[in-house]
Amino acid sequence: MRDEEKAKDQLIKELQKMREKVGGLEEVKLEYNQMDRKLKQTYKKLQKFMEGTAYIIMKVVETRDPYSIGHQQRVSKLTTAIAQKMKLPQDKIEGIRIASLVHDIGKINLPTEIISKPNKLIEVEFNLIKNYPRVGYNILKKLDFPWPVAEIVFQHQEKIDGSGYPRGLKGDEICIEAKILGVANVVEAMSSYKSYRPALSVGEALAEISKNKNILFDPKVVDVCLGLFKKKDFKF
């Protein structure tokens, strides 16, 4: 009987230890859940702050160039749709969405007579224009975005054949976010009214990127963009 009692006592002790361990795990789980909630709340606050910053930058650009009102928002809508269709990671999608909202910030450095000029730009004026992505980069790199916003903006006028500006990057030297932004920017800009020409149709803009697929623009990005308009009925 004593052996049985000893075994029983030992079993009770083991069960108590197990309950204590389970209780400890429950406490850890509770603490983890609380921390997870706090992290999510902090991220949402950060996201709102970043969006607010992007909105202010966007409005600054629009006050300098009335022809650009709504341009960056429409480009952001298209870049986000392309990135989602390409199944990019969520952080890249968010990064390109924010970068698209501020991609023209470098234009605040340009004289208004160049921005709103109704005629074709002369060479010296176009050379000033070609530097605006670098100016945008220098402004945005000072902001602590959790995505490579400044670099995306720096690269968005580059072309895969190396004919873009300001650095003449080509192929895989250009990040996928900038390739997407480059295509969306062209489609929206061509189909919008400018000081130097009336708006073209979306069809003409799509024909332009299709013609330059695998020359100026990434072929996969172009195909996805075309599919959004032709198969998914995308509208700005």
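The values are calculated or read from the model by the stated rules, or taken from the named source; none is laboratory data. Note that the coordinates shown come from a computational prediction; the quantities given were computed from them, not determined experimentally. Positions of Cβ are backbone-derived with ideal geometry, glycine not excepted, and every protein chain shown enters the neighbour counts. Side chains are part of the model used for accessible areas, which takes the heavy atoms of the whole protein and leaves out ligands, DNA and RNA. Shrake-Rupley method; radii C 1.70, N 1.55, O 1.52, S 1.80 Å.
Please list, in order along region 72-82, the HN-Hα scalar couplings obtained from phi with the Karplus expression 6.51 cos²θ - 1.76 cosθ + 1.60 (θ = phi - 60°), rounded to whole Hz, x for Gly and Pro.
5, 5, 5, 4, 4, 4, 6, 4, 5, 5, 5
Mind pulling the per residue volume of the convex hull built on the Cα atoms of region 67-111? Å³ is fine.
Hull volume over Cα atoms, normalised by residue count, gives 59 Å³.
With the cut-off at 1.5 for a/c, could you classify region 86-189 from its C-alpha gyration tensor as rounded, prolate or oblate?
Judged from the Cα gyration tensor, region 86-189 comes out prolate (a/c at least 1.5, a/b above b/c).
Using modelled amide H (1.01 Å from N, peptide plane; none on Pro or chain starts), what sits under 5 Å from the amide H of Lys194, excluding residues fewer than 5 places away?
Ala199
Quick one: if the Förster radius is 41 Å, what FRET efficiency do Gln10 and Lys40 give, using the C-beta to C-beta distance and rounding to 0.05?
0.35
Please state the Cα pair-distance histogram of the chain with 5 angstrom bins from zero: what percent is in each bin?
Using 5 Å bins, I get a P(r) of 1, 6, 11, 15, 16, 13, 8, 5, 3, 3, 3, 3, 3, 2, 2, 2, 2, 1, 1, 0, 0, 0 for the chain.
Where the accessible area of the chain is counted over protein heavy atoms with a 1.4 Å probe, how much of it, in %, is carbon and sulfur?
Answer for the chain: carbon and sulfur cover 55 percent of the accessible area.
Would you work out the relative contact order for the chain, in percent, from Cα pairs under 8 angstrom that are 6 or more residues apart?
After rounding, I find 16 percent.
Over region 114-220, how many pairs of lysines fall under 19 Å by alpha carbon, counting only those 8 or more apart in sequence or from different chains?
Within region 114-220, the lysine pair count is 22.
Explain nothing, just compute: Karplus ³J(HN,Hα) = 6.51 cos²θ - 1.76 cosθ + 1.60, θ = phi - 60°, for every residue of region 95-106 in order, whole Hz, x for Gly and Pro.
x, 6, 4, 5, 4, 5, 6, 10, 5, 9, 4, x
Please enumerate, by chain and number, the lysines with C-alpha under 26 Å from the C-alpha of Lys29, excluding those fewer than 8 residues away in the same chain.
The reachable lysines, counting only those whose Cα sits under 26 Å from Lys29, are Lys13, Lys17, Lys21, Lys38, Lys40, Lys44, Lys45.
Show the residues, 5+ positions off or on another chain, whose built amide H is closer than 5 Å to the amide H of Glu158.
Here Tyr165 satisfy the definition.
How large is ³J(HN,Hα), in whole Hz, for each residue of region 168-177 in order, when computed from phi with the Karplus curve 6.51 cos²θ - 1.76 cosθ + 1.60 and θ = phi - 60°, using x for Gly and Pro?
Once θ is set to phi - 60°, the couplings for region 168-177 become x, 5, 8, x, 6, 5, 9, 5, 4, 4 Hz.
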